[in-house]
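Throughout, read-outs are computed from the coordinates displayed, never taken from laboratory work. Not measured: the values here are computed from a predicted model. No Cβ is skipped: glycine too gets one built from the backbone with ideal geometry, and neighbour counts run over all protein chains shown.
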């Protein structure tokens, strides 16, 4: 089957172990609260704008999955600032527009649904100073000697 046929049939591609490890970051700590906050905001938005009674419509489900994926890949990890103060832009421009619309609508309304998440988010936005943009780390190659590597390295030392 082609990729398009799999999508039409509802078959999900296998998730790599690396992706699973990243998603585990959302299970505890600050990233867990951020994930609950963004999911709650998307639910509020979807109920009001798309009329869903429970769960999310397919468009909002896609946005939620994208937001959680980007959150799990955050270079700041558990020290992540609130998105409004972050110096790294994680979202593609189309998704950024959608999430901005969600935040504009649901931001003031989440106070009534999840007051503790709201207080934590407000505290974090005022008290936590956003860290500098993380720099790319240089990757070093480990050179393993070949079968006759010991003799070759001795010759290099002599030259």
Discussion item. If I model a spin label at residue 109 and residue 69 as a point 7 Å from the Cα along the Cα→Cβ vector, what separation in nanometres do I get?
Written reply: 2.6
Fill in: Average silhouette area of the range 16-132, convex hull of alpha-carbon atoms, in square nanometres
7.5
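Hey, can you rank 76-82, 33-39 by average C-beta count inside 10 Å, highest first?
33-39, 76-82
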Worksheet, complete the sentence: Residue separation between residue 79 and residue 95 times 0.36 nm, minus their alpha-carbon distance, gives in nm 3.4 nm
Worksheet, complete the sentence: A chain fully extended from residue 48 to residue 61 at 0.36 nm per residue, minus the present Cα-Cα distance, gains in nm 3.2 nm
